[in-house]
Amino acid sequence: MLAEDRRNKIVNILCQKNSISVNELSGLFNVAKVTIRRDLEKLERKGVLKRTYGGAVLYEGVHSDMPSYIREDSNKTAKKEIGRNIEQRKKKKKTQK
């Protein structure tokens, strides 16, 4: 996995959980803790998260200020479900006319 992909996934996880530990991320991505710490450091410099002792937390309101490429990946399953629901409603309206 590329470092940028891993960082995007870290942000997505934080959007769902609001906080996560270095140990959790290291196990999840099967990389060294130092690698995760570097990722968190880069994300902190971008203003996405705040590093804490042993992990990181999402900055308040950061989700709306995130770059679009990160927002696109967050909540993909829910977004797809919304799209399917809208599509079904449109089909129902067409058949009712």
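The values are calculated or read from the model by the stated rules, or taken from the named source; none is laboratory data. Given the structure is predicted, the values throughout are model-derived calculations rather than measurements. As a convention, Cβ positions derive from the backbone with ideal geometry for all residues, glycine included, and neighbour counts pool all protein chains shown.
Considering (1) modelled with pLDDT of 90 or more; (2) in contact with a helix residue (DSSP H, G or I) (Cβ under 6 Å, 6 or more places away or on another chain); (3) of a type outside the set (K, R), the lone condition that C15 does not fulfil carries the number (1).
Which ones in region 27-49 are more than 18 Å from M1 (Cα to Cα) and over 15 Å from the mean Cα position of the chain (by Cα)?
Initial filter on region 27-49 (more than 18 Å from M1 (Cα to Cα)): 41, 44-49.
Within region 27-49, E41, R45 qualify.
Show me the helices (runs of 4 or more DSSP H) found entirely inside region 2-52 where at least 2 residues are in contact with a Leu (Cβ under 7 Å, 6 or more places away or on another chain). Step through it out loud before you land on a result.
Details: elements: 3-17, 22-29, 33-45.
Correct list: 3-17, 33-45.
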